[in-house]
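Here is the structure we will look at, set down as structure tokens.
The values are calculated or read from the model by the stated rules, or taken from the named source; none is laboratory data. These figures come from a predicted structure and were not determined experimentally. Here Cβ is always computed from backbone atoms with ideal geometry, including for glycine, and neighbour counts include all displayed protein chains. Please note that ligands, DNA and RNA were not included when accessible areas were found on the heavy atoms of the full protein model with its side chains. Shrake-Rupley method; radii C 1.70, N 1.55, O 1.52, S 1.80 Å.
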Amino acid sequence: MTALPAGWDAMSVGDVLGLKYGKALDPALRDPTGPVPVVGSAGRMTGTHQPLINEPVVLIGRKGNVGAVQLESHGCWPIDTTYYAPIPERFVPKFLLHQLVALDMKKLDSSTTTPSLRKQDLEAQTLAVPPRDEQHRIVNILEDHLSRLDAAEHWLSVCGRSTTALVRSALFQGLRGTLVKNDLGEGTAEDALGFRPGFATREGDRVWAVPDGWLWTRLGDVFEVNIGATPSRGDASFWAGDVPWVSSGEVAFSRIDQTREHITREAAGNPAKRIHPPGTVMLAMIGEGKTRGQAAILDIEAAHNQNCASIRVSATRVLPEYVYGYLEERYLETRRGGAGGVQQALNKAAIQRFPIPIPPLTTQRSLVAAWDDVRSSAARLESNMLRASQQSSSLRRTLLAAAFSGRLTDGPDLPEVGKTNDE
């Protein structure tokens, strides 16, 4: 810690806070209507009628949400994922809150599994303790600045959601024929396919009216759909080849021009079914988090694992980028419509049943270009918002560092949040 102003003390957390372990609460004593909050490392959980401590306290996440800091002004029941301590008289509660937040205690996580914070590590941290009247001044100035940063970050979040909605809207309108002019310059959809597939609506299909020259079909009626495989990990020779091998985690709304792993052609099996040409559209069927339902386009010849489906769009005149856009638009529906257990998974038959509108070829070209323009605009906006968010985080750290070193109230002027140099 840097030298502090006169009248300030540097003290360890262990010297000023009588930290105690939270205590598990019998489920029978939990009552959502109870007036006493039950608090864990992630915040208020439920209520009860009997507090564990009946005075203002600071709570610090011990397990799970490590280092998260909360204040409770009245009685509460801190559970066993927290440390808690009564707020010492020498501290203004919000001054203590902000300074503990500024310690960034996540970096003290001592576990490789469930995040956890050891008491001795927490107690070894140093706090700057100015007189109470100075604490009040610091809190007033700090919260004025932080409120502006909070407002800016809120609007960045709103803008981020709006950017996502912009892309979804363009995809939605495009698939309904309202984004670009319908152009029959290269013939109808039937001309592009070379035949007219039969189509009958089934219960649960999401279909809508499409312009003249378009037609509805099912993925499996127009494109060959294949499922991949994983060669034995026990035979290292299978993994010493030159065939790119795609895992489901690499199917992430992108183009694929390289892969993390490669296999031999012998390990891939029947090349007609297991090695796919550029222009094939990939769909992740199983995966953690956001993976299931994401799509990608192969820019290289590649095989893939059993958690992906390959859609051989390149064997037709339909544009791979159009099918990719279709799968991007129906991403949320695809995730809801899996055919598995609790962790729903897709399968080959389900993918083959997907209803898809096919526009005329020239209209496909216009749609792909329009979608690319919208995605590029969204990417630029997201890049600008990321920079703004990083600047906000940097300014927040600067403000907190100044507040707890005496420079916020007695030092060189800091840039005022939310104002430019011209104001």
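Numbers below:
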{"item": "Within the stretch 122-150, tally of residues that are assigned to a helix (DSSP H, G or I) and either open to solvent by 50 Å² or more (accessible area, probe 1.4 Å) or of a type in the set (Ser, Thr, Tyr) (or both)", "result": "12"}
{"item": "Members of the stretch 248-283 that are farther than 23 Å from residue 232 by Cα and either in contact (Cβ under 8 Å) with a residue 40 or more places away in the chain or in contact with a Ser or Thr (Cβ under 6 Å, 6 or more places away or on another chain) (or both)", "result": "252, 253, 254, 255, 256, 257, 277, 279, 280, 281"}
{"item": "Residue in the stretch 169-190 that is buried (at least 18 other Cβ atoms within 10 Å of the Cβ) and more than 30 Å from residue 380 (Cα to Cα) present", "result": "yes"}
{"item": "Residue list for the stretch 244-260, restricted to those being part of a strand (DSSP E or B) and buried (at least 16 other Cβ atoms within 10 Å of the Cβ)", "result": "244, 245, 246, 256"}
{"item": "Options 164, 114: the member that is within 30 Å of residue 377 (Cα to Cα), modelled with pLDDT under 95 and surrounded by fewer than 15 Cβ atoms within 10 Å (Cβ to Cβ)", "result": "164"}
{"item": "From the options 241, 213, 289, 293, residue that is in contact with a helix residue (DSSP H, G or I) (Cβ under 9 Å, 6 or more places away or on another chain), at pLDDT below 95 and assigned to a loop (DSSP other than H, G, I, E, B)", "result": "293"}
{"item": "Residue, surrounded by the most Cβ atoms within 10 Å (Cβ to Cβ), within the stretch 343-381, restricted to residues that are within 27 Å of residue 226 (Cβ to Cβ) and among the polar types (S, T, N, Q)", "result": "364"}
{"item": "Matching residues, the stretch 185-199, being outside any loop (DSSP other than H, G, I, E, B), touching a residue at least 60 places away in the same chain (Cβ under 8 Å) and closer than 18 Å to residue 218 by Cβ", "result": "189, 192, 193"}
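Listed here are the residues, each with its yes/no results for (1) at pLDDT below 95; (2) out of contact with any Phe, Trp or Tyr (no Cβ under 8 Å at 6 or more places or on another chain).
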position: 73; (1), (2): yes, yes
position: 94; (1), (2): no, yes
position: 126; (1), (2): no, yes
position: 130; (1), (2): no, no
position: 139; (1), (2): no, no
